[in-house]
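Notes follow the structure.
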Amino acid sequence: MRQKHPRIAVDIIIKRRNNKFVLIKRANNPFKDFWALPGGFVEYGETVEQAAIREAKEETGLDVEPLGILGVYSEPSRDPRGHVVSIVFLALEKGGNLKASSDAKQVEEFEKIPRKLAFDHKKILEDAKWFLST
């Protein structure tokens, strides 16, 4: 019998030069049309830092400088597709142009946490309020 293992993902809280943060509107299920942090699954042979930089660029068009890890979010029920462990990075915008691509339907910058958030991203953003307010 094959054992099940959690999948590893990254999420990125991108703080822009104007002190707003970036969210994407999901184009696909689960949570289609909900706001979410840019992020995705780590590819084989890739570090989590490389995955964060890649996902930020793919979904938002922005180049980012990861500052560090906010935390690891591992609640088994956080993703309806299965057990996903997410490493959440704090990052600063360092270039690029804000534009939606990949599985992002839309990308916008925010000053406040919106209501309709995917997964456990409301909790993650609340955990990062100190970063977003500095």
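Got at least one residue in segment 88-98 being assigned to a strand (DSSP E or B), of a type in the set (A, V, I, L, M, F, W, C), at pLDDT 95 or above and out of contact with any helix residue (DSSP H, G or I) (no Cβ under 6 Å at 6 or more places or on another chain)? Yes - at least one qualifying residue is present in segment 88-98.
Return yes or no: is Asp79 surrounded by 14 or more Cβ atoms within 10 Å (Cβ to Cβ), part of a loop (DSSP other than H, G, I, E, B) and among the acidic types (Asp, Glu)?
Yes: the conditions hold for Asp79.
Quick one: would you say Ile113 is part of a loop (DSSP other than H, G, I, E, B), at pLDDT 95 or above, of a type in the set (A, V, I, L, M, F, W, C) and under 19 Å from Thr60 (Cα atoms)?
Yes, satisfied.
Across segment 55-100, what is the number of residues that are among the small types (Gly, Ala, Ser), touching a residue at least 60 places away in the same chain (Cβ under 8 Å) and closer than 23 Å to Trp130 by Cα?
Matching residues across segment 55-100 total 3.
Pull out all pairs, ordered by first then second residue, where Cβ-Cβ is under 6 Å, the residues are six or more apart or on different chains, the first lies in segment 10-23 and is within 16 Å of Ala118 (Cβ to Cβ) and in contact (Cβ under 8 Å) with a residue 24 or more places away in the chain, and the second is among the aliphatic types (A, V, I, L, M) and assigned to a loop (DSSP other than H, G, I, E, B). Listed by first residue and then by second, the contacts come to Asp11/Leu37; Ile13/Ala128. Taken over segment 94-116, the criterion of being loosely packed, with under 12 Cβ neighbours inside 10 Å and of a type in the set (Asp, Glu) is satisfied by Glu111 alone. Scanning segment 7-50 for residues that are part of a loop (DSSP other than H, G, I, E, B), surrounded by 13 or more Cβ atoms within 10 Å (Cβ to Cβ) and over 10 Å from the mean Cα position of the chain (by Cα) gives Arg16, Lys20, Ala27, Phe31, Asp33, Phe34, Val42, Glu46. Residue check: Phe131 meets all listed conditions (1) modelled with pLDDT of 95 or more; (2) in a strand (DSSP E or B); (3) surrounded by fewer than 18 Cβ atoms within 10 Å (Cβ to Cβ); (4) not β-branched (Val, Ile, Thr) but one, namely (2).
The values are calculated or read from the model by the stated rules, or taken from the named source; none is laboratory data. All values derive from a computational prediction rather than experimental measurement. Reconstructed Cβ throughout: ideal geometry from the backbone, glycine too, with neighbour counts over all protein chains shown.
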